[in-house]
Each structure stands twice: as C-alpha cells, then as structure tokens.
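Some notes on the structure that comes next.
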Amino acid sequence: MEGLSVLYVGGTGTISWSCVKRSLADGHRVTVLNRNQSAAGRPLPPSVEHLKADIADVASVQSAIDGRTFDAIVNFLSFGPEHVEAALSCLAGRTAHYVHISTAALYQKPPRRVPYLESTARNSPTSAYAQGKIAAEDLLNATYVERGLPVTIVRPSHTYDDARPPIPGDWTVIDRMVRGQDVVVHGDGTSLWTVTHAEDFAVGLTGLLGNSQAFGEAFHITSEFVYSWNQLYGLVASALGVEAHIVHVPTDLLRVGAPDWFWSELIEGDLQYSVTFDNSKIRSLVPAYSPRISFDEGARRIAAWRMEHSAQTKPDGALDAIFERLVTGYRRAEEAFRGLV
C-alpha cells in the first residue's frame, strides 16, 4: 500500500535492511529506530529518517518518537515476552498496524508433517531462542484478544542477504574454505533446508503492511528453494572458486565438542531436520510474493560482497578455534575407530 508511514525497529539487520529498501520502493515514508545508523556495511538510504534509541530503554524510545504515530510499525528486536512488554509500553498506541517479527524455528521439532503450515504446532523443546519467540507470540496474541492490538506475526525461516551467508559460522567458514581448511557440516549433510534471500522476504513483509486482513494472523514468509547442507556449502565454495573440504560431525556431538558455539544449540534444535514450508497463506494476501533469488545466485552475491567489503567479512579468531577443535576431535575419533578394525 503506497503512502504509508512506516517505522522499522531495527532497520540495518540481515532482514530488516532489505525491508527498509523495499518499503521505499513501495512508496512508503520510512523511519528507522535503532542504536546505530549502519551495521555490517548496510548504510541507510538518504531518504530514511533515523531515530537513535534503544528499544529496550522505554524512556529513550519515548523521547525519540516524541508523540508521533505511524501507519505501521515493524519490530525486529523482540525476542521474548519481556521485550514485547517494553516495546508495547511505548509503541502500542502509536500505530494502526503492529508487526512482530518472530521465527519459523518455533514449529514442531522433530517435524511430524511437512511442509509446515502456520497452524503447525509450535513446539521446539531444545531451542531457547524458539521458546522465547513462542512466549512473545503468546503475549501478543493475548493483547490482540484483550485489547484489540492490530498485530500481525511474521515468521521468517533461514533468511540471509549478501552480507550474511546462511551457513553456521558465516564468514569464518568462508575464510576456512578459501584457505583450503576443513569446514564442519552437521550430520551427513543430506537433510534438506529452506533458505530465503532477504530481498525476496521483503516483498511479502511490505505487502502485508496496512492490510487489516492480516490483523490477528501469523504468516511465515519463506522461499521454496530447498537444498541439502552439502549443496549449500558446495555452492558457496563454487562461487568462491575453491573446493569445500567437509567434515561431517554428528549433530549430538556438536554440543559436546562446542558448547561455547551459539549455533550448536540451533543446529540441534532446528537445522538438523529437513524443513519445507507452504506459503499459500502469505500469497493469499500478497499475490506478488514469488521468491526469485535461488542460492546459486545468492552464493555468487555473497562471494562478490566479500570481495567488496573486506573489513566487514573478516574471520573470527575465537570461532575459527572452535572449528579447529571440532575437526581435530573428529579426526582423533576417526583414527580411534580405525584402530578397532
């Protein structure tokens, strides 16, 4: 819907930056509220108004927005009920449409039936991240019923952009590929995974803004581009002009060998399962939603971004050490098993 005034809480992240740009293309008047104007080499377009505030600091948000209202507010930065409470205390009465960004990671694990629908049970027992998002959704749904908050819940799945590869360990893994070192893939790498470029996601998200038929509803917005993890790593390596030297580490050993790695919990609770999605619901309200960026193209764009943004794509030394620990542990176990034969 053209002419909307839209406030993005976030605005420079992996998904939100593309949504800001898409909103501008849709003719929206865009304001961004966050602590920093740019991140990861994602500067805000000149026509975007920037309000500096921390969404967790109610007083700073109230001061920044200074009594203003917006046709739609999209909040990317609520990860649990406490964040929802803080955000609603200063934003709920300032918009005709409040959009909460949740996650598709909260659906039933392990999957009992695919593709996932929005009505699929929300139950991801080993993921603290998913549990926080479920509780946040519950609070918003109660607020919709009790107070009539015009809320829409949007659930991205594994959404990436040129500056954030959709592989656990992102630029550190890519640096290891370029150096010819082993990279870790969970399980045997054959489970199937859905990846969505943020530019595609943004078409669905902005198409919902201002649509009263979306009030009180939840939508996942994903692509139908599905790959095995071996394929994902292979496509990245091909785009870089190198070979992926993959070490397959059993998923249940990742938490043992790398309890200090953030992704090990997400892999165990989500990424290890084959997951696909039915996007009929988002298309019913946004017929233009038709993801176009395959990961063949996405991987090439990631490689190009790395060449052009060396300062933002450096490897993390601590993370590299975790991967080296996992590879070394795997090799030792491999040798021990060979000794049993």
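Taking the range 161-231 as the region of interest, the strands (runs of 3 or more DSSP E) fully inside it that hold 1 or more residues being within 19 Å of Leu117 (Cα to Cα) are 192-197, 217-221, 226-228. Checked against the criteria, Leu117 does not count as within 30 Å of Trp193 (Cα to Cα), crowded, with 22+ Cβ neighbours inside 10 Å and in the same structural domain as Leu209 (by TED's automatic domain parsing).
Listed conditions (1) surrounded by fewer than 18 Cβ atoms within 10 Å (Cβ to Cβ); (2) within 19 Å of the chain's Cα centre (by Cα); (3) touching a residue at least 40 places away in the same chain (Cβ under 8 Å) are all met by Ser16, apart from (1). The set of residues in the range 320-337 being at pLDDT below 95, surrounded by 14 or more Cβ atoms within 10 Å (Cβ to Cβ) and within 15 Å of His245 (Cβ to Cβ) consists of Tyr330 alone. The residue that is surrounded by the most Cβ atoms within 10 Å (Cβ to Cβ), among those in the range 122-157 that are in a helix (DSSP H, G or I) and in contact with a strand residue (DSSP E or B) (Cβ under 6 Å, 6 or more places away or on another chain), is Leu140. In the set (1) outside any loop (DSSP other than H, G, I, E, B); (2) touching a Ser or Thr at 6+ places or on another chain (Cβ under 9 Å), Ile55 fails one condition alone, (1).
Scoring Ala25 on the criteria (1) under 22 Å from Thr152 (Cβ atoms); (2) hydrophobic (A, V, I, L, M, F, W, C); (3) in contact (Cβ under 8 Å) with a residue 12 or more places away in the chain leaves a single failure, condition (3). Yes or no: the range 15-32 includes at least one residue that is modelled with pLDDT under 95 and not β-branched (Val, Ile, Thr). Scanning the range 15-32, I find no residue that is modelled with pLDDT under 95 and not β-branched (Val, Ile, Thr), so the answer is no.
Candidates are the residues of the range 115-129 that are aliphatic (A, V, I, L, M) and touching an Asp or Glu at 6+ places or on another chain (Cβ under 9 Å); the one that is nearest to Ile153 (Cα to Cα) is Leu117. For the range 210-225, taking the residues that are surrounded by fewer than 23 Cβ atoms within 10 Å (Cβ to Cβ) and not small (Gly, Ala, Ser), the one that is farthest from Leu285 (Cα to Cα) is identified as Phe225.
Quick grid of which residues meet (1) out of contact with any helix residue (DSSP H, G or I) (no Cβ under 7 Å at 6 or more places or on another chain); (2) of a type in the set (Val, Ile, Thr); (3) in a strand (DSSP E or B); (4) closer than 30 Å to Val58 by Cβ:
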residue	(1), (2), (3), (4)
Phe79	no, no, no, yes
Glu82	yes, no, no, yes
Ala87	yes, no, no, yes
Cys90	no, no, no, yes
Gly93	yes, no, no, yes
Lys109	no, no, no, no
Val114	yes, yes, no, no
Glu118	no, no, no, no
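Here Trp305 fulfils each of the conditions (1) of a type in the set (Phe, Trp, Tyr); (2) at pLDDT below 95; (3) more than 18 Å from the chain's Cα centre (by Cα) apart from (2).
The values are calculated or read from the model by the stated rules, or taken from the named source; none is laboratory data. In this text, all values refer to a predicted model and were calculated from it rather than measured experimentally. Cβ: placed from backbone, ideal geometry, glycine included. Neighbour counts: every protein chain shown.
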